[in-house]
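The values are calculated or read from the model by the stated rules, or taken from the named source; none is laboratory data. Since we're looking at a predicted model, the values are computed, not measured. Cβ sites come from the backbone with ideal geometry, for glycine too, and all protein chains shown count toward neighbours. These area figures cover heavy atoms from the full protein model, side chains too; ligands, DNA and RNA do not enter into them. Shrake-Rupley method; radii C 1.70, N 1.55, O 1.52, S 1.80 Å.
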Amino acid sequence: DECYSIERLSYPADEAASLQSLRYRQGNAGDYFLGAYSSSGQILGFVCGTLCKKFDHDTMSVHDSMAHILAIHSVVITPEARRKGI
């Protein structure tokens, strides 16, 4: 849910991933869901993606573990951590 909050702060409402999409990506494409954390363990941001055979609108909602194209969906950081070299 913290990732979803960061996503919503980083993208317009019509472009931000849903909570369901983020959970799907983390659960099914976890190798491509990377977080940035503070020294106290608080999440500051994340990058997430899925693998696909071709990049189009239909492939944005699925992860094909046998594919070779990495589609990056989110690159986000909390507003207070931006421009700090993270």
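Using a cut-off of 14 Å between beta-carbons, work out the net charge of the residues near ALA17 (Lys and Arg +1, Asp and Glu -1, ALA17 not included).
Taking every Cβ under 14 Å from that of ALA17, the sum is -2.
Where the only charges are on Cβ atoms (+1 Lys, Arg; -1 Asp, Glu), what is the dipole of the chain about its Cα centre, to the nearest 20 debye?
Here the chain has a charge dipole of around 240 debye.
Enter the angle in degrees (range 0 to 90, nearest 10) between the Cα long axis of helix 19-28 and the first principal axis of the Cα atoms of the chain, meaning the one along which they spread out most.
So the inclination is approximately 70 degrees.
For the chain, report the accessible area per residue in Å² (1.4 Å probe, heavy atoms, rounded to an integer).
For the chain, the per-residue accessible area is 68 Å².
Find the eigenvalues of the gyration tensor of the Cα atoms of the range 1-40, then list the square roots of 5 times those eigenvalues as equivalent ellipsoid semi-axes, largest first, in whole angstrom.
17, 15, 8
Pick the calculated volume of the Cα convex hull per residue in Å³ for this structure from [x] 103; [y] 117; [z] 87?
[x]
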